[in-house]
Structure formats: structure tokens, C-alpha cells
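Bear in mind these aren't lab numbers, they're just calculated from the coordinates by the rules spelled out. These numbers were taken from a predicted model, which means no experiment stands behind them. With ideal geometry, Cβ positions are generated from the backbone for all residues, glycine too; neighbour counts draw on all protein chains shown.
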């Protein structure tokens, strides 16, 4: 058990620190293979862990195809010109506008979609507006992706993972539980992030970009994104997995546009960040090994004890603790463990809600806390922008802490 925990901790450290500047996926996969090699997890259990992420893999592939298609067809350039024209030369107005778009994108397309789809659009807007430093605007994509991911079940794949054991609340019950906490998270995150970037915004200037032409292929891609959002909401209401419909939407949209353009898929497939998939698979194996070590049973016992000892303040403490844990193992696999713990401990709705808020908001502390933030980081690197783990953590402490505590207290 100790060896499993040590290897898992070193793996997470490698994902966070990226020694030798090797990609996060290298460390996640290496850690998973090492756990198998030392016997901490068998081949069957490792494969079971990988298989648990199947729906997530399909979801990510579908969204990445749509995102890359939108970028190549000029949809992002058109959105950039629209954003800068509505900003009317005000950096603060552009900041607010991007934040509002980020809320809508996260709520109806998920936090991963915000990272994959919105980040390139924001960078295009910043380039078109000739901003001095695009980072304050790009940071919105990272923080709102997690802050707004409590609003609906589909707003974060981790939400579905937590309730994968059949305990998913109805949409009405969900909204009654999380409407106020999610609104609190969104507002407090905006205030903290805006305050932290106020000096950069005050020193910035922007210009309105010339309106970009919206071609028929770009328009079709935009329609595909809207249809995908509708399909995802419908799938959530019906209780279906999001992976297959999202993958189907991405595949059909990409095929249709490429046929119209009479282009092959080589360029699009080449530019997709495929390394995200082995990264996620490695993390799922990591969690499977931790579950095999008896971690879930121990945590369930601890959760029960805390609930009985502190019925009023227990949920706040548990939510805060879960928030910290997500930054150690990533919130998606942490959601798998948390779901099993809550189910085993037969926790109350308030306790389950606190766990979910911790899973969703906690990752705003570090760059590896959520898959959305890792996807955001990859999008930045494609544009030649670097964000260190330490710089993000310093900002994350300012932004995440008040939003998390306020949301838990409101819950």
C-alpha cells in the first residue's frame, strides 16, 4: 500500500513539474506502467481503470475535432472581430465580455470545451485587438472553466463521474442544490480574478479589428457547435453518457465540412493534442491502484466519522479537503474515488454537494487540478505562451480560495 501511494505521489509530481520538460502524458503513463511492474495493480485492474475513461475519451476527441475544425475554418477569427467590436476600445469591457462567453460555454458545452474551444478564440481576439499582454484574458478561460462547472451536470465530466453509481439527482433537484453555490462561485471568481488583473487591464489598450468574413464552412461549424450543445443537454436530461453523442457530432461535422471543402483530414488530425488521451488513461490507472489499496474504504470511514462529529461544519471541511486532493491526483480520477466514497458512506445531499463543489472548484488552485486546465495549458503552448506551475498556483490561491469557501458556506 505504501509503495502504491509513493509511486502515485511521484507520478503526480512529475505531471505537475514536468521534469526535463517532458509532456504530462509521459509521466502519467510511466507511473501507470511502474505500478503494474511492481505489482501494485494487476493487468486486469489496470485495463479496468483505462476502460472507465472510455466515455471521457470519446467526449474529448469529439470536442477537439470541433475545436480544430473551428480554428481552421476561421470561426475563431470571426468571433474575435465580434468581441473586439463590442468592446468599443475598452480592455475592461473585453474582459467582462470574455468572462460572460466563458460562462455560457462552460455551462452548455462543459469546462473542457471552454479550454479547447474558447481559448483559441480568445487568443485570436487578443491578437486582433493588438493587446499588450493576452494572458489576463486567457486566464479567464482557465478559471471560469472550473468556476462555472457546477451549474449543470454536463458542465463538467467529473460531475457525471461522481454520480456514475446511479445516484445522479434529477435536473430540478440539481438546480435546487447548486443554483446559489454556482452563482456564488462565478461572481466571487470574477471579482478575485478581475482584482488580480486590474493593473494589467488599466495599462492595456485595444483596437477594434476589421470584421472578418464568415464563410459557409465556418458558419456550418458554428451550427455544429450549437447542435452539439443541444445534444449534450438532451443527453444529460435523458441520463445518457456524453461521450458517444459528442464524438458523433464531432466526427459528422468534420466529415461534412471536409467533404464540402474537398480536403483530407490529415492536417486536422495532425494538429489535435492527442497526448491528452494517454494522460487521462494513466490517471485512471493511478486511481484504480489507489482504490485497490483500500483507499476508498478508509476515506468512506473518515467521511462518516466527520459527518457524525461535525454535522454543521463537516461539509465545509470535507469540501475544502477534497479541493486540495484534486490538485494532487486531478479532479476527474478524484471524482471516481469521491463518488465511491460518498456512495459507500451513504452521505447526505449536503455532504455530496460539498464533495462535488470541492471537485469542481478545487482545481483552480493548480495547472494540473483539472483536465480542463491541462487542455488550456496545451492551447497556450501552441501559441508560444508559457505558464509555470508556481505562477498559476500563486494566482490560484487568490482566486480559488474565496470562491470555494463562499460556495461551500452558501451550500
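Brief remarks on what is shown
- Over 19 Å [Cα-Cα, the stretch 29-86], rounded percent: 57
- By average C-beta atoms within 10 angstrom, highest first, the peptides 240-253, 148-161: 148-161, 240-253
- Shape of the stretch 121-202, Cα gyration tensor, a/c cut at 1.5: prolate
- Summary of packing: across the peptides 383-390, 350-357, the per-residue average of other C-beta atoms within 10 Å ranks them, highest first, as 350-357, 383-390.
- Gyration tensor verdict on the stretch 171-222 (Cα atoms; rounded if a/c is under 1.5, prolate if a/b is larger than b/c, oblate otherwise): oblate
- Cα gyration tensor, the stretch 360-411 - rounded (a/c under 1.5), prolate or oblate: prolate
- The value for the chain of Rg(Cα) / (2.2 N^0.38 Å) is 0.95.
- Tilt relative to the chain, helix 54-72 - C-alpha long axis, 0 to 90 degrees, to 10: 10
- In the chain, the longest principal axis of the Cα atoms and the axis of helix 119-129 are about 30 degrees apart.
- Each Cα pair under 8 Å and six or more residues apart adds its separation to the average, and for the stretch 2-410 the resulting relative contact order is 26 percent.
- Helix 349-361 axis versus longest C-alpha principal axis of the chain: approximately 50°, rounded to the nearest ten.
- When peptides 195-201, 175-181 are sorted by average Cβ neighbour count within 10 Å, with the highest value leading, the order is 175-181, 195-201.
- Each pair of Cα atoms in the stretch 167-283 enters the Kirkwood radius, and Stokes-Einstein at 20 °C and 1.002 mPa s then converts it into a translational diffusion coefficient of 113 µm²/s.
- Calculated [θ] (222 nm, deg cm²/dmol) that DSSP helices of n ≥ 4 give over the chain, each run adding -39,500 (n - 2.57): -24500 deg cm²/dmol
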